[in-house]
Structure formats: C-alpha cells, structure tokens
Amino acid sequence: MFEALIAITVLAILFGLLLGFSSIRFKVEGDPIADQIDSILPQTQCGQCGYPGCRPYAEAIAKGKAPINQCPPGGEAVIHALSDLLGVDPIPLDEELEVKEEKTVVVIDEQICIGCTLCIQACPVDAILGAAKHMHTVIKSECTGCNLCIPPCPVDCIYIVPAEEGIKSWKWSIPEAPLEHSPIEIVAPEGAENGI
C-alpha cells in the first residue's frame, strides 16, 4: 500500500514538471495590439461586423485584414478611438452597416416558446433567461438588438420590437428650422427711474 502511494506521488511530480516545462516551452504570446483593439470594442459580440465576435474582429484589424469602420454598435466613437490607437485617419462607418435610427430589442412569445434553449445559446450577451423545457424571456435592459437569437428558434416565437425610451436612451430631437426670435422689449416697472 505504501509503495502505491509513493508511485502515485512520483507520477504526480513528474507530470507536474512536464506540464510546467510545456507551459514555458510552448507559451502562446498574445498580440498586444489586438488586446488593445479588443478593449476599445463594445463587446456586444453581435457579429454585425462580419466576424463572430469582437475578439476575432480585433485580431483582423491588428493583422490589417479588416478596416476600422465595421462596428455599428461602437459607431463613430470606436472608429475615432481605433484611428488614434493605430495612427490612421478615421473613416466613416461602412454604409452597409449603418445603424438603424430606432433601437430595437427582441421579445419572446411565452405562449409559443417550447423551451429548446437554442436562443439562449445564440445570445452573445446572456440577455435571455430560461431553462430547458420551460418558457424563456428576454431581459430587455441587457438586449443589444443584435437579433442573433431569431434564426435558431424552431417555432418562430421571437419578435423584434422597438426599445422603450428611458432616461438612458432618450434623445432630444433637434428642431430642423431655427426658431424665429422676436425682439424683446424690456419695460422698467413704475418708479424704477427714481431708484425705488
């Protein structure tokens, strides 16, 4: 019995040394530029840029295989941050990827949902709540409107709806025409001339 314990201990030490040597010898270096680009991207993992997530898009930018103007959720702010980081001129957002005026979210018709969990697996931001064979629902505050959950749904119970305007999403509408100002006449109250 004691010999078996010693044998297992010796094997554990040998495998530990082998793993330690392997981790040093075969260490994979990350691309620091790709890491910086990835930290600038909004991390919605929506796939609207044509890549499966923000990290693959960041790696493509770092390798020079993708332009910096393909991230609709990030918009102009991300384009300017990337141009500053990479030392290139900012370019406008790709017209094919233009963000729609109205922000949308998805809702699940809970009467039709069969609880297959395919939408949960497809959601890049974990905005869908539910369990297998139980109805699912969308956490609207977490939903980015990427609509990646719609194609895998086998019963078509997921619908796109406009996002509710709240204090975080409300925007003041700018008047199209300037307002005409009439001259304001200032009238002094009675007795103001005497200093009363």
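The numbers here are math on the coordinates, done by the rules we state, and not lab data. All values derive from a computational prediction rather than experimental measurement. Cβ coordinates were reconstructed from backbone atoms using ideal geometry, including for glycine residues, and neighbour counts include every protein chain displayed.
Might you report the magnitude of the Cβ-based charge dipole of segment 100-164 about its Cα centre, with Lys and Arg at +1 and Asp and Glu at -1, to the nearest 20 debye?
Magnitude of the dipole: close to 140 debye.
Within segment 100-164, all pairs of alpha-carbon atoms sorted by distance into 10 Å bins from zero give the percentages 24, 59, 16, 1. Between the amide H of Ile128 and those of Ile139, distances stay under 5 Å, these residues lying 5 or more places away or on another chain, with hydrogens modeled in the peptide plane.
Fewest neighbouring Cβ atoms within 10 Å first, the residues His134, His80 line up as His134, His80.
Computed 3J(HN,Hα) for segment 25-37, one whole-Hz value per residue from the Karplus formula 6.51 cos²θ - 1.76 cosθ + 1.60 where θ = phi - 60°, is 5, 10, 5, 9, 7, x, 7, x, 5, 4, 5, 5, 4, glycine and proline marked x. 3J(HN,Hα) couplings calculated from phi for segment 145-159 with the Karplus curve 6.51 cos²θ - 1.76 cosθ + 1.60 (θ = phi - 60°) are, in sequence order, x, 6, 6, 6, 7, 6, x, x, 5, x, 10, 6, 9, 10, 10 Hz; Gly and Pro show x. Restricting the calculation to alpha carbons of segment 32-96 gives Rg and Dmax of 10.2, 30 angstrom.
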